[in-house]
(Lines give C-alpha, C1' and ligand atoms only; values in the text may rest on other atoms or scores of the structure.)
Protein backbone atom coordinates (compact mmCIF):
# COMPACT_ATOMS: atom_id res chain seq x y z
CA UNK A 1 0.00 0.00 0.00
CA UNK A 2 1.21 3.46 -0.86
CA UNK A 3 1.93 5.90 1.91
CA UNK A 4 2.74 9.59 1.55
CA UNK A 5 5.48 10.94 3.81
CA UNK A 6 5.56 14.73 4.10
CA UNK A 7 9.13 16.02 4.27
CA UNK A 8 9.45 19.73 3.48
CA UNK A 9 13.22 19.77 3.49
CA UNK A 10 15.35 22.17 1.50
CA UNK A 11 17.13 20.19 -1.19
CA UNK A 12 20.41 21.93 -0.45
CA UNK A 13 20.04 21.73 3.34
CA UNK A 14 23.18 19.57 3.67
CA UNK A 15 25.19 22.22 1.83
CA UNK A 16 23.59 25.02 3.85
CA UNK A 17 24.48 23.21 7.07
CA UNK A 18 28.17 23.00 6.14
CA UNK A 19 28.06 26.62 4.97
CA UNK A 20 26.92 27.64 8.46
CA UNK A 21 29.85 25.71 9.95
CA UNK A 22 32.25 27.49 7.59
CA UNK A 23 30.87 30.85 8.63
CA UNK A 24 31.26 30.00 12.33
CA UNK A 25 34.88 28.94 11.80
CA UNK A 26 35.62 32.18 9.95
CA UNK A 27 33.87 34.31 12.58
CA UNK A 28 35.69 32.56 15.40
CA UNK A 29 39.03 33.46 13.81
CA UNK A 30 37.85 37.01 12.96
CA UNK A 31 38.24 36.49 9.21
CA UNK A 32 36.16 38.52 6.73
CA UNK A 33 35.45 36.39 3.65
CA UNK A 34 34.37 37.54 0.21
CA UNK A 35 32.99 35.23 -2.48
CA UNK A 36 34.08 36.52 -5.92
CA UNK A 37 31.83 35.36 -8.73
CA UNK A 38 31.99 36.19 -12.43
CA UNK A 39 32.04 34.75 -15.90
CA UNK A 40 35.40 33.42 -17.16
CA UNK A 41 37.68 36.26 -18.18
CA UNK A 42 35.90 39.07 -16.33
CA UNK A 43 39.01 39.77 -14.28
CA UNK A 44 38.47 38.02 -10.94
CA UNK A 45 42.12 37.04 -10.59
CA UNK A 46 43.38 40.46 -11.73
CA UNK A 47 41.17 42.17 -9.15
CA UNK A 48 42.43 39.76 -6.49
CA UNK A 49 46.04 40.55 -7.43
CA UNK A 50 45.33 44.29 -7.12
CA UNK A 51 43.57 43.76 -3.80
CA UNK A 52 46.53 41.82 -2.42
CA UNK A 53 49.13 44.30 -3.64
CA UNK A 54 47.28 47.34 -2.33
CA UNK A 55 46.19 45.92 1.03
CA UNK A 56 48.89 43.44 2.02
CA UNK A 57 50.76 45.98 4.14
CA UNK A 58 47.68 46.58 6.26
CA UNK A 59 45.83 43.25 6.15
CA UNK A 60 46.82 39.59 6.17
CA UNK A 61 45.27 38.11 3.06
CA UNK A 62 44.49 34.63 1.83
CA UNK A 63 42.90 33.38 -1.37
CA UNK A 64 41.05 30.16 -2.13
CA UNK A 65 40.81 29.56 -5.87
CA UNK A 66 38.21 27.37 -7.47
CA UNK A 67 38.77 26.12 -10.98
CA UNK A 68 37.88 23.07 -12.96
CA UNK A 69 41.61 22.40 -13.46
CA UNK A 70 45.14 23.88 -13.00
CA UNK A 71 46.63 25.98 -10.18
CA UNK A 72 47.32 29.05 -12.37
CA UNK A 73 45.10 31.36 -10.30
CA UNK A 74 46.38 30.24 -6.89
CA UNK A 75 49.93 30.66 -8.17
CA UNK A 76 49.13 34.23 -9.24
CA UNK A 77 47.66 35.00 -5.82
CA UNK A 78 50.71 33.52 -4.08
CA UNK A 79 53.05 35.52 -6.32
CA UNK A 80 51.17 38.69 -5.34
CA UNK A 81 51.82 37.92 -1.68
CA UNK A 82 48.90 35.99 -0.17
CA UNK A 83 48.47 32.55 1.34
CA UNK A 84 46.68 30.56 -1.32
CA UNK A 85 44.92 27.24 -1.76
CA UNK A 86 43.71 25.84 -5.06
CA UNK A 87 40.54 23.77 -5.31
CA UNK A 88 40.19 21.77 -8.51
CA UNK A 89 36.54 20.87 -8.87
CA UNK A 90 37.21 18.19 -11.46
CA UNK A 91 34.41 19.28 -13.75
CA UNK A 92 31.93 20.74 -11.27
CA UNK A 93 30.74 24.16 -12.37
CA UNK A 94 30.73 25.80 -8.92
CA UNK A 95 32.25 25.65 -5.47
CA UNK A 96 30.10 24.22 -2.71
CA UNK A 97 30.35 24.47 1.07
CA UNK A 98 32.04 21.08 1.42
CA UNK A 99 34.83 22.01 -1.01
CA UNK A 100 35.36 25.26 0.88
CA UNK A 101 35.45 23.43 4.20
CA UNK A 102 38.30 21.26 2.90
CA UNK A 103 40.23 24.29 1.67
CA UNK A 104 39.73 26.19 4.95
CA UNK A 105 41.39 23.32 6.81
CA UNK A 106 44.57 23.99 4.81
CA UNK A 107 44.80 27.61 5.99
CA UNK A 108 45.83 29.05 9.34
CA UNK A 109 42.70 31.11 9.87
CA UNK A 110 44.12 32.86 12.95
CA UNK A 111 46.75 34.43 10.69
CA UNK A 112 44.21 35.87 8.23
CA UNK A 113 42.20 39.10 8.19
CA UNK A 114 40.68 38.91 4.74
CA UNK A 115 39.91 35.76 2.75
CA UNK A 116 38.88 36.00 -0.89
CA UNK A 117 37.23 32.93 -2.39
CA UNK A 118 37.44 32.93 -6.16
CA UNK A 119 34.53 30.87 -7.41
CA UNK A 120 34.50 28.95 -10.68
CA UNK A 121 33.96 31.28 -13.66
CA UNK A 122 30.24 30.85 -14.32
CA UNK A 123 27.22 33.15 -14.00
CA UNK A 124 24.66 30.47 -13.15
CA UNK A 125 25.62 27.65 -10.82
CA UNK A 126 27.68 29.43 -8.11
CA UNK A 127 24.59 31.51 -7.24
CA UNK A 128 22.76 28.39 -6.03
CA UNK A 129 25.34 27.20 -3.49
CA UNK A 130 25.92 28.97 -0.19
CA UNK A 131 29.55 28.73 0.92
CA UNK A 132 29.38 30.42 4.31
CA UNK A 133 31.27 33.49 3.12
CA UNK A 134 30.18 36.90 4.46
CA UNK A 135 29.69 38.89 1.27
CA UNK A 136 29.28 37.96 -2.37
CA UNK A 137 30.87 40.18 -4.97
CA UNK A 138 30.01 39.92 -8.66
CA UNK A 139 32.63 41.05 -11.14
CA UNK A 140 31.08 42.04 -14.44
CA UNK A 141 33.16 43.40 -17.31
CA UNK A 142 32.43 45.76 -20.15
CA UNK A 143 33.25 43.37 -23.07
CA UNK A 144 30.70 40.84 -21.78
CA UNK A 145 27.93 43.18 -22.88
CA UNK A 146 25.30 45.29 -21.16
CA UNK A 147 22.59 42.63 -21.26
CA UNK A 148 24.06 40.30 -18.64
CA UNK A 149 21.84 41.36 -15.70
CA UNK A 150 18.82 40.54 -17.84
CA UNK A 151 20.21 37.15 -18.84
CA UNK A 152 21.55 36.02 -15.47
CA UNK A 153 19.08 37.39 -12.91
CA UNK A 154 19.87 34.77 -10.26
CA UNK A 155 23.48 35.88 -10.05
CA UNK A 156 22.70 39.60 -10.01
CA UNK A 157 20.01 39.21 -7.35
CA UNK A 158 22.18 37.36 -4.87
CA UNK A 159 25.21 39.62 -4.40
CA UNK A 160 26.12 42.42 -1.98
CA UNK A 161 28.50 44.32 -4.25
CA UNK A 162 29.11 44.68 -7.97
CA UNK A 163 32.35 45.52 -9.75
CA UNK A 164 32.20 46.62 -13.39
CA UNK A 165 35.70 45.89 -14.64
CA UNK A 166 37.50 46.99 -17.85
CA UNK A 167 35.86 50.44 -18.05
CA UNK A 168 38.95 51.52 -20.04
CA UNK A 169 37.36 49.61 -22.93
CA UNK A 170 34.11 51.65 -22.89
CA UNK A 171 35.16 53.79 -25.91
CA UNK A 172 35.82 50.68 -27.99
CA UNK A 173 32.85 48.39 -27.37
CA UNK A 174 29.10 48.78 -27.42
CA UNK A 175 28.12 48.92 -23.79
CA UNK A 176 25.23 51.08 -22.65
CA UNK A 177 26.02 51.74 -18.99
CA UNK A 178 22.55 53.16 -18.33
CA UNK A 179 20.84 50.04 -19.74
CA UNK A 180 23.17 47.78 -17.74
CA UNK A 181 22.54 49.65 -14.50
CA UNK A 182 18.77 49.61 -15.09
CA UNK A 183 18.94 45.83 -15.37
CA UNK A 184 20.84 45.65 -12.10
CA UNK A 185 18.49 48.08 -10.36
CA UNK A 186 15.32 46.08 -11.04
CA UNK A 187 16.96 42.94 -9.64
CA UNK A 188 19.00 44.36 -6.78
CA UNK A 189 17.94 47.93 -5.93
CA UNK A 190 20.66 50.12 -4.49
CA UNK A 191 23.41 47.55 -5.04
CA UNK A 192 26.80 49.07 -4.21
CA UNK A 193 28.67 49.28 -7.53
CA UNK A 194 32.29 50.00 -8.45
CA UNK A 195 33.11 50.77 -12.09
CA UNK A 196 36.88 50.31 -12.42
CA UNK A 197 39.74 49.15 -14.56
CA UNK A 198 42.37 46.70 -13.33
CA UNK A 199 44.54 47.80 -16.26
CA UNK A 200 44.59 51.55 -15.59
CA UNK A 201 43.73 51.44 -11.84
CA UNK A 202 40.88 53.91 -12.46
CA UNK A 203 38.17 53.48 -9.82
CA UNK A 204 40.14 50.96 -7.76
CA UNK A 205 40.39 53.23 -4.70
CA UNK A 206 36.62 53.30 -4.12
CA UNK A 207 36.50 49.51 -4.25
CA UNK A 208 39.49 49.15 -1.90
CA UNK A 209 37.93 51.61 0.54
CA UNK A 210 34.77 49.50 0.54
CA UNK A 211 36.80 46.36 1.36
CA UNK A 212 38.48 48.14 4.28
CA UNK A 213 35.17 49.51 5.56
CA UNK A 214 33.67 46.02 5.44
CA UNK A 215 36.74 44.71 7.27
CA UNK A 216 36.29 47.24 10.08
CA UNK A 217 32.56 46.59 10.34
CA UNK A 218 33.22 42.84 10.50
CA UNK A 219 35.77 43.28 13.29
CA UNK A 220 33.26 45.20 15.35
CA UNK A 221 30.63 42.48 14.90
CA UNK A 222 32.78 39.46 15.73
CA UNK A 223 34.63 41.03 18.65
CA UNK B 1 25.69 20.98 -14.87
CA UNK B 2 25.00 21.48 -11.17
CA UNK B 3 21.84 19.41 -11.54
CA UNK B 4 24.01 16.37 -10.71
CA UNK B 5 24.85 17.56 -7.19
CA UNK B 6 21.26 18.68 -6.73
CA UNK B 7 19.93 15.30 -7.82
CA UNK B 8 22.31 13.58 -5.41
CA UNK B 9 20.90 15.72 -2.58
CA UNK B 10 17.35 14.80 -3.57
CA UNK B 11 18.25 11.10 -3.49
CA UNK B 12 20.00 11.39 -0.14
CA UNK B 13 17.03 13.14 1.50
CA UNK B 14 14.49 10.73 0.00
CA UNK B 15 16.41 7.60 1.03
CA UNK B 16 16.93 8.92 4.55
CA UNK B 17 13.23 9.59 5.09
CA UNK B 18 12.24 6.26 3.52
CA UNK B 19 14.63 4.42 5.85
CA UNK B 20 13.22 6.25 8.88
CA UNK B 21 9.73 5.13 7.83
CA UNK B 22 11.04 1.60 7.23
CA UNK B 23 9.69 1.70 3.68
CA UNK B 24 11.01 -0.74 1.10
CA UNK B 25 10.42 1.24 -2.03
CA UNK B 26 9.98 4.89 -3.01
CA UNK B 27 7.45 5.26 -5.82
CA UNK B 28 7.03 9.05 -6.12
CA UNK B 29 9.01 12.14 -5.24
CA UNK B 30 7.35 15.54 -5.01
CA UNK B 31 9.56 18.56 -5.59
CA UNK B 32 8.61 22.20 -5.21
CA UNK B 33 10.66 24.56 -7.34
CA UNK B 34 10.15 28.30 -7.60
CA UNK B 35 10.36 29.93 -11.01
CA UNK B 36 13.36 31.96 -9.84
CA UNK B 37 15.34 28.76 -9.19
CA UNK B 38 17.42 27.88 -12.22
CA UNK B 39 16.75 24.16 -12.35
CA UNK B 40 16.15 22.20 -15.52
CA UNK B 41 13.57 19.46 -14.92
CA UNK B 42 14.77 17.24 -17.76
CA UNK B 43 18.33 17.37 -16.52
CA UNK B 44 17.35 16.34 -12.99
CA UNK B 45 15.29 13.49 -14.46
CA UNK B 46 18.27 12.40 -16.59
CA UNK B 47 20.63 12.19 -13.61
CA UNK B 48 17.91 10.70 -11.44
CA UNK B 49 17.55 7.65 -13.68
CA UNK B 50 21.29 7.01 -13.41
CA UNK B 51 22.00 7.64 -9.73
CA UNK B 52 18.83 6.06 -8.30
CA UNK B 53 19.60 2.80 -10.07
CA UNK B 54 19.98 -0.02 -7.54
CA UNK B 55 18.57 2.03 -4.63
CA UNK B 56 15.15 1.88 -2.94
CA UNK B 57 14.23 4.89 -5.09
CA UNK B 58 14.92 3.19 -8.42
CA UNK B 59 12.11 3.92 -10.87
CA UNK B 60 10.47 6.53 -8.65
CA UNK B 61 8.51 9.16 -10.56
CA UNK B 62 9.67 12.76 -10.09
CA UNK B 63 6.89 15.34 -9.85
CA UNK B 64 7.88 18.98 -10.30
CA UNK B 65 5.56 21.62 -8.91
CA UNK B 66 6.57 25.01 -10.19
CA UNK B 67 5.72 27.97 -7.95
CA UNK B 68 5.08 31.29 -9.65
CA UNK B 69 6.84 34.43 -8.51
CA UNK B 70 5.00 36.52 -5.93
CA UNK B 71 6.21 39.92 -4.88
CA UNK B 72 5.04 42.40 -2.28
CA UNK B 73 5.88 46.05 -2.84
CA UNK B 74 7.40 47.53 0.30
CA UNK B 75 6.36 51.04 -0.72
CA UNK B 76 2.63 50.62 -1.43
CA UNK B 77 1.84 47.07 -0.29
CA UNK B 78 0.77 45.83 -3.74
CA UNK B 79 1.06 42.07 -4.22
CA UNK B 80 1.67 40.81 -7.77
CA UNK B 81 2.98 38.00 -9.97
CA UNK B 82 5.43 39.30 -12.58
CA UNK B 83 5.67 37.25 -15.76
CA UNK B 84 8.54 39.30 -17.09
CA UNK B 85 11.93 39.80 -15.51
CA UNK B 86 11.12 43.32 -14.33
CA UNK B 87 10.27 42.80 -10.67
CA UNK B 88 9.38 46.45 -9.96
CA UNK B 89 5.89 47.31 -8.71
CA UNK B 90 3.29 47.71 -11.49
CA UNK B 91 1.15 49.94 -9.25
CA UNK B 92 3.63 52.55 -8.01
CA UNK B 93 6.85 51.74 -9.90
CA UNK B 94 8.88 51.19 -6.72
CA UNK B 95 11.84 48.86 -6.82
CA UNK B 96 11.83 48.39 -3.07
CA UNK B 97 10.13 45.01 -3.30
CA UNK B 98 10.31 41.70 -1.50
CA UNK B 99 10.09 38.29 -3.14
CA UNK B 100 7.68 36.20 -1.05
CA UNK B 101 7.40 33.22 -3.41
CA UNK B 102 9.31 31.85 -6.37
CA UNK B 103 12.61 30.94 -4.72
CA UNK B 104 11.44 27.58 -3.33
CA UNK B 105 13.70 24.64 -3.77
CA UNK B 106 12.59 21.80 -1.59
CA UNK B 107 11.46 18.23 -1.34
CA UNK B 108 7.83 18.31 -0.23
CA UNK B 109 6.94 14.64 0.13
CA UNK B 110 7.73 11.12 -0.96
CA UNK B 111 5.37 8.24 -1.56
CA UNK B 112 6.55 4.84 -0.41
CA UNK B 113 5.44 1.23 -0.33
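The values are calculated or read from the model by the stated rules, or taken from the named source; none is laboratory data. As the structure is a computational prediction, the values presented were derived from the model and not from experiment. Quick reminder, even Gly has a Cβ in these numbers, built from the backbone with ideal geometry, and neighbours come from all protein chains shown.
Which one of these does residue A:179 not meet: (1) under 25 Å from residue A:18 (Cβ atoms); (2) within 14 Å of chain B (Cβ to nearest Cβ); (3) out of contact with any strand residue (DSSP E or B) (no Cβ under 8 Å at 6 or more places or on another chain)?
The failed condition is (1).
Residues B:38, B:9: which one is at pLDDT below 90, closer than 30 Å to residue B:100 by Cβ and facing chain A (nearest Cβ under 9 Å)?
Working: B:9 fails: at pLDDT below 90.
Exactly one residue qualifies, and that residue is B:38.
Kindly provide the set of residues from segment A:156-176 that are more than 14 Å from chain B (Cβ to nearest Cβ) and part of a helix (DSSP H, G or I), ordered by number.
The initial filter retains those residues of segment A:156-176 that are more than 14 Å from chain B (Cβ to nearest Cβ), namely A:159-176.
A:167, A:168, A:169 - these are the residues of segment A:156-176 that are more than 14 Å from chain B (Cβ to nearest Cβ) and part of a helix (DSSP H, G or I).
Of these, A:14, A:29, which one is within 14 Å of chain B (Cβ to nearest Cβ), buried (at least 17 other Cβ atoms within 10 Å of the Cβ), closer than 17 Å to residue A:131 by Cβ and over 18 Å from the mean Cα position of the chain (by Cα)? Working first, answer last.
Working: A:29 fails: within 14 Å of chain B (Cβ to nearest Cβ).
Unique residue meeting the criteria: A:14.
Scan A:58, A:4 and give me the residue that is surrounded by fewer than 16 Cβ atoms within 10 Å (Cβ to Cβ) and within 14 Å of chain B (Cβ to nearest Cβ).
Numbers: A:58 fails: within 14 Å of chain B (Cβ to nearest Cβ).
Being surrounded by fewer than 16 Cβ atoms within 10 Å (Cβ to Cβ) and within 14 Å of chain B (Cβ to nearest Cβ) holds for just one of A:58, A:4, which is A:4.
Out of the residues in segment B:82-107 meeting the condition of being surrounded by fewer than 16 Cβ atoms within 10 Å (Cβ to Cβ) and within 7 Å of another protein chain (Cβ to nearest Cβ), tell me which one is farthest from residue B:14 (Cα to Cα).
So, considering only residues that are surrounded by fewer than 16 Cβ atoms within 10 Å (Cβ to Cβ) and within 7 Å of another protein chain (Cβ to nearest Cβ), the one farthest from residue B:14 (Cα to Cα) is B:96.
Pairs only if they're at least six apart or on different chains, beta carbon under 9 angstrom, first in segment A:88-99 and facing another protein chain (nearest Cβ under 10 Å) and without any contact (Cβ under 8 Å) to a residue 24 or more places away in the chain, second surrounded by fewer than 16 Cβ atoms within 10 Å (Cβ to Cβ) and assigned to a loop (DSSP other than H, G, I, E, B); list them, first residue then second.
If the second residue must be surrounded by fewer than 16 Cβ atoms within 10 Å (Cβ to Cβ) and assigned to a loop (DSSP other than H, G, I, E, B), the pairs left are A:91/A:68; A:91/A:69; A:91/B:1.
Scan segment B:58-76 residue by residue and report those that are farther than 19 Å from residue B:35 by Cα and either touching a strand residue (DSSP E or B) at 6+ places or on another chain (Cβ under 9 Å) or at pLDDT below 95 (or both). Spell out the reasoning first.
Step one: filter segment B:58-76 for residues farther than 19 Å from residue B:35 by Cα, giving B:58-61, B:74-76.
The answer is B:58, B:59, B:60, B:61, B:74, B:75.
State whether the residues of segment A:122-133 include one that is under 22 Å from residue A:156 (Cβ atoms), outside any strand (DSSP E or B) and away from chain B (no Cβ under 14 Å). Please lay out each step first, then the result.
Start the filter on segment A:122-133 by keeping residues that are under 22 Å from residue A:156 (Cβ atoms), which leaves A:122-133.
In the following step, the residues that additionally are outside any strand (DSSP E or B) were identified as A:122-133.
Imposing the further condition that a residue be away from chain B (no Cβ under 14 Å) reduces the set to A:132-133.
Yes; the residues of segment A:122-133 include at least one that is under 22 Å from residue A:156 (Cβ atoms), outside any strand (DSSP E or B) and away from chain B (no Cβ under 14 Å).
May I ask you to verify whether residue A:74 is in contact with a helix residue (DSSP H, G or I) (Cβ under 9 Å, 6 or more places away or on another chain) and within 30 Å of residue A:193 (Cβ to Cβ)? Explain how you work it out, then say what you get.
On the way: in contact with a helix residue (DSSP H, G or I) (Cβ under 9 Å, 6 or more places away or on another chain): no; within 30 Å of residue A:193 (Cβ to Cβ): yes.
Considered against the rule, which asks whether it is in contact with a helix residue (DSSP H, G or I) (Cβ under 9 Å, 6 or more places away or on another chain) and within 30 Å of residue A:193 (Cβ to Cβ), residue A:74 comes out as no.
Condition check: exposed (fewer than 15 other Cβ atoms within 10 Å of the Cβ), in contact with a strand residue (DSSP E or B) (Cβ under 8 Å, 6 or more places away or on another chain), modelled with pLDDT under 95 and at negative phi. Does residue A:67 satisfy that? Show your work before the answer.
Numbers: exposed (fewer than 15 other Cβ atoms within 10 Å of the Cβ): no; in contact with a strand residue (DSSP E or B) (Cβ under 8 Å, 6 or more places away or on another chain): yes; modelled with pLDDT under 95: yes; at negative phi: yes.
When the stated conditions are applied, residue A:67 does not pass them.
Could you run through segment B:12-24 and say how many residues are closer than 17 Å to residue B:51 by Cβ, facing chain A (nearest Cβ under 8 Å) and either free of Cβ contacts under 8 Å to residues at least 60 places away in the same chain or surrounded by fewer than 17 Cβ atoms within 10 Å (Cβ to Cβ) (or both)?
Summing the residues that are closer than 17 Å to residue B:51 by Cβ, facing chain A (nearest Cβ under 8 Å) and either free of Cβ contacts under 8 Å to residues at least 60 places away in the same chain or surrounded by fewer than 17 Cβ atoms within 10 Å (Cβ to Cβ) (or both) in segment B:12-24 gives 1.
Just checking, which of A:217, A:209, A:140 is in contact with a strand residue (DSSP E or B) (Cβ under 9 Å, 6 or more places away or on another chain) and in a helix (DSSP H, G or I)?
On the way: A:209 fails: in contact with a strand residue (DSSP E or B) (Cβ under 9 Å, 6 or more places away or on another chain); A:140 fails: in a helix (DSSP H, G or I).
After ruling out the rest, the residue left standing is A:217.
Test of understanding: among B:55, B:27, which residue is more than 12 Å from chain A (Cβ to nearest Cβ), at pLDDT 95 or above and within 24 Å of residue A:10 (Cβ to Cβ)? Break it down stepwise before answering.
Details: B:27 fails: more than 12 Å from chain A (Cβ to nearest Cβ).
From the options B:55, B:27, the qualifying one is B:55.
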